[in-house]
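Contents: one structure, followed by commentary.
The values are calculated or read from the model by the stated rules, or taken from the named source; none is laboratory data. Bear in mind that the values here come from a model prediction, so they are computed numbers and not experimental data. Heads up, the Cβs are rebuilt from the backbone with ideal geometry, glycines too, and the neighbour counts pull from every protein chain shown. Heads up: the accessible areas ignore ligands, DNA and RNA and are worked out on the full protein's heavy atoms, side chains in. Shrake-Rupley method; radii C 1.70, N 1.55, O 1.52, S 1.80 Å.
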Amino acid sequence: MDVGGNGGGSIVNSKQRAMLPNKSRGEFVRNQRKDSEGFSESPDLEFEYADTDKWSTELSELYSYTEGPEFLLNRKCFEEEFRIHVSDKKWTELDVAQHRAHAMRLLDGLEVITREKRLKVARAILYMAQGTFAECSSEAQVQHWMRYNIFLLLDVGTFTALVELLNMEVDNSAACSSAVRKPAISLADSTDLRVLLNIMYLMVETIQQEDPADSPEWRATRETFKTELGSPLYNNEPISVMLFGMVTKFCSGHAPHFPMKKVLLLLWKSILFTLGGFEQLQTIKVRKREQLRLPPLPEDSIRVIRSMRAASPPASASDLIEQQQKRARREHKSLTKQDNLDAFNEKDPYKSDDPREDEDDNDDNDNSMEVEPFPMERDEVMPPPIPHPPSERVNFPKGLPWAPKVREKDIEHFLESSRSKFIGYTLGNDTDTVVGLPRPIHESIRTLKQGEEDVEMCSTELLYQGILPSLPQYMIALLKILLAAAPTSKAKTDSINILADVLPEEMPTTVLQSMKLGVDVNRHKEIIVKAISAILLLLLKHFKLNHIYQFEYMAQHLVFANCIPLILKFFNQNIMSYITAKNSISVLDFPYCVVHELPELTAESLEAGDINQFCWRNLFSCINLLRILNKLTKWKHSRTMMLVVFKSAPILKRALKVKQAMMQLYVLKLLKVQTKYLGRQWRKSNMKTMSAIYQKVRHRLNDDWAYGNADLDARPWDFQAEECALRANIERFNSRRYDNNQSNPDFLPVDNCLQSVLGQRVDLPEDFQMNYDLWLEREVFSKPISWEDLLQ
């Protein structure tokens with residue numbers, strides 16, 4: 001996998017540039033010109049990171065635009081069933097008892113043998129889950145009836161019946177073999193699966209949405225459903241395990257017709273609902289620290305990140321001189337000492353005298369983290385401006401956003417170096433003697449010495465037990481799909497086809513249809529990246545909080561499956577173009593498209609896209625992937641060296657041009673861990689990036705990231721040993737906790753080593769010892785032994 005790139009060059013080729021709309025092409029050319037000069041025009045992005053996007057957006061992303069005609073088909077199937085059993089009244093005019101009775105009738109219809117009849121009933125149920133939109137006049141009304149109908153469907157037992165039907169469709173060998181033989185798979189090959197997955201996704205996504213106006217019955221139903229969804233009640237395994245199985249079956253090539261986007265979205269929302277999002281993670285972390293009598297967290301990381309602002313780091317002295325040179329050149333003044341004095345004495349009286357304000361004003365034209373001087377200016381010398389008296393303005397330094405942290409290994413190193421320096425001897429791994437150390441070190445040592453708790457049987461533990469036997473295959477499958485959906489990936493004959501649930505039966509014949517399908521395909525891939533990035537991040541965070549070796553097991557298999565170069569390859573593109581992509585047609589989004597008359601689509605309207613400053617899902621995906629990369633490489637020197645070997649620094653530096661604080665933070669974290677390996681020249685020429693790291697990233701005890709000092713833990717010959725030792729610890733943990741066959745001798749491995757077998761102590765029964773002479777005469781002495789044959 002080639003992810004090294006060529007430094008700061010763009011990977012957008014002429015063909016991709018030609019596919020951009022006119023406006024985007026103009027912005028692309030301007031950005032390329034600015035990037036070549038070390039400038040960036042990217043604005044501050046008003047983005048708030050959350051578990052998901054708005055509910056309406058999450059609903060609309062379930063459907064591809066190619067599925068649009070099926071909304072009316074679902075309505076037709078419902079109305080046919082409705083007219084047979086109910087009078088001419090509308091659904092919204094019936095009472096609760098009539099609603100429940102009809103829902104029960106539809107549920108009974110799912111048990112019929114005929115596939116066509118069963119599909120019609122499933123479509124009628126899907127129309128209910130979609131809010132019986134034909135009787136609604138606004139999107140809010142559709143969402144209201146969606147919530148009512150879905151809680152009704154859950155109450156009558158629809159979800160359990162859907163899981164059974166989904167299992168039956170997954171095991172349908174006839175459909176799988178038919179799809180394998182087809183040269184081209186389209187939307188029609190996954191109709192039954194798509195209808196079932198649509199209903200299940202709408203139920204999970206809607207029920208997890210909390211509303212203060214919900215009745216106590218609905219709140220109790222939500223908690224019960226949440227518990228059941230994370231428990232092995234459906235087919236003796238959590239629903240997420242079954243969906244993981246669909247992912248691996250799809251990637252193996254045995255079921256190419258599976259609608260993978262819908263499977264991944266349902267998998268993501270099931271994990272999010274049962275395990276909890278980032279706010280719940282913080283709550284669980286606080287509760288567990290209280291149970292272990294640990295001190296409270298120094299800060300809420302979510303709130304700290306949300307309060308951070310995206311800003312370029314302070315300018316260095318050389319950059320200030322360059323800015324003065326540019327200002328002098330613009331004003332066409334001679335570079336003499338007197339002229340400079342006049343220039344500074346005749347400044348606007350309402351303008352700040354602090355040179356940093358000049359830099360802030362200049363940020364409108366220079367938003368990049370690095371400013372390269374013009375070639376002709378490198379040897380010029382500009383006399384510095386005369387400093388003003390300090391009494392005119394007093395600047396108070398701002399505090400750093402993060403409280404420092406400490407590791408046990410850091411404490412050991414600090415104690416050993418202090419004892420060796422001041423006392424003249426060392427105590428090995430002794431961390432008890434803390435005489436002379438500051439109070440925070442005492443508290444840290446006391447924290448590290450708390451005992452380890454037993455893992456409770458929570459939803460996270462149940463999920464880990466369910467996916468443990470096939471976790472490596474699940475990780476490989478997710479990364480395969482992520483690679484196929486990445487915008488930097490090229491179509492290959494051996495790559496998997498992730499477009500089975502977006503391509504129509506008949507390919508487009510007009511330019512407008514082709515443009516619409518192109519938008520749909522790009523949107524489809526973006527949603528897949530969004531779902532996979534969220535799944536991986538949620539699992540890593542929950543496993544780490546549940547038990548560290550669960551996290552390490554998943555992380556190590558992600559590394560073995562080349563997750564690190566894959567993420568770097570994803571970012572080796574024009575990341576601003578990806579974040580500001582407009583691959584959506586708002587008038588075709590659900591539920592807007594079912595309650596409004598659709599305007600006539602034109603090529604111009606498709607090119608214009610929406611009016612949003614950026615694409616929420618793409619920025620969300622980028623942040624998730626950066627967070628995953630941070631989790632994989634943190635405190636792992638062998639993996640940090642992978643970042644260096646794959647030349648990630650220029651790729652990550654280009655990502656800093658996105659002016660969003662949270663994304664910049666995780667990019668700077670990845671740069672911080674590798675700065676000491678990048679050489680003195682890199683650090684010298686990237687002082688703005690170094691300053692940004694100092695300002696925004698947490699500091700640690702004895703952290704010498706800004707220097708080139710050799711790290712004792714980063715010796716290259718220890719890299720393989722580090723991973724092997726970790727793997728051995730993980731295998732012992734999994735074997736001790738989850739291997740149920742250890743007590744059965746039939747399942748123990750066979751020892752084929754002669755010396756090992758003869759060296760084992762065997763306890764013989766008492767009756768055998770009493771009759772040992774008889775056994776020896778009968779079994780050994782009285783039987784002839786051909787030693788030559790035995791030796792051969």
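Here are the numbers for this structure:
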quantity: Label-point gap, in nm, between GLU93 and LYS684 - each point 7 angstrom along Cα→Cβ; calculated: 8.5 nm
quantity: Percent carbon-and-sulfur accessible area, region 55-290, ignoring ligands, DNA and RNA, probe 1.4 Å; calculated: 53 percent
quantity: Geometric extent, Cα atoms of region 55-290 - Rg, Dmax (angstrom); calculated: 18.2, 60
quantity: Accessible surface of SER691 - all protein chains present, 1.4 Å probe, nearest 10 Å²; calculated: 40 Å²
quantity: Sorted peptide list for 63-72, 670-679, 502-511, 766-775, criterion being average Cβ within 10 angstrom, highest first; calculated: 670-679, 63-72, 502-511, 766-775
quantity: Residues of region 616-640 with amide N under 12 Å of a point placed 7 Å along Cα→Cβ from ARG306; calculated: none
quantity: Accessible surface ranking that places the most exposed of ARG778, ARG617 first, with a 1.4 angstrom probe; calculated: ARG778, ARG617
quantity: Peptides ranked, highest mean first, by Cβ atoms within 10 Å: ranges 183-189, 287-293; calculated: 183-189, 287-293
quantity: Packing-based ranking, highest mean first, of 225-234, 473-482 given that Cβ atoms within 10 Å are counted; calculated: 473-482, 225-234
quantity: Label-point separation in nm, TRP635 to PHE768, each point 7 Å along Cα→Cβ; calculated: 4.8 nm
quantity: Furthest towards positive pole of dipole, TRP218, PHE244, GLN208, structure part region 190-273, Cβ charges; calculated: PHE244
quantity: Equivalent ellipsoid semi-axes, region 536-590, via Cα gyration tensor eigenvalues times 5, rooted, Å; calculated: 32, 18, 8
quantity: Contour minus Cα-Cα distance for CYS724 and PHE781 (0.36 nm per residue); calculated: 15.6 nm
quantity: Which listed pairs, of LYS226/LYS490; LYS530/LYS647; LYS117/LYS480; LYS117/LYS249; LYS541/LYS647, have C-alpha distances above 30 Å, in listed order; calculated: LYS226/LYS490; LYS117/LYS480
quantity: Value in Å of the Kirkwood radius, where region 562-716 supplies the Cα pairs that are averaged; calculated: 17.8 Å
quantity: Mean projected area (nm²) of the alpha-carbon convex hull when region 45-139 is viewed from all directions; calculated: 8.9 nm²
quantity: Selection from ILE611, LEU670, VAL658 lying farthest towards where the dipole of region 562-716 points positive, charges on Cβ; calculated: LEU670
quantity: Dipole magnitude of region 562-716, debye to nearest 20 (Cβ charges: Lys/Arg +1, Asp/Glu -1, about Cα centre); calculated: 1380 debye
quantity: Under-5 Å amide H pairs with ASP501, H placed in peptide plane, nonlocal only; calculated: MET260
quantity: Contact order normalised by residue count of region 512-642, Cα under 8 Å, 6+ apart, percent; calculated: 39 percent
quantity: Listed residue (GLY277, PHE258, TYR65) projecting farthest to the positive dipole end of region 55-290, Cβ model; calculated: PHE258
quantity: Base-10 log of normalised Debye intensity for region 454-602 (one unit scatterer per alpha-carbon) at q = 0.10, 0.16 Å⁻¹; calculated: -0.50, -0.99
quantity: Set of region 197-223 residues, backbone N closer than 19 Å to the point 7 Å along the Cα-Cβ line of ARG115; calculated: 197-198
quantity: Percent of C-alpha pairs per 5 Å bin, region 640-706, short to long; calculated: 3, 17, 31, 28, 17, 4, 0
quantity: Estimated inter-spin distance, SER756 and LEU72, nm [label 7 Å along Cα→Cβ]; calculated: 7.1 nm
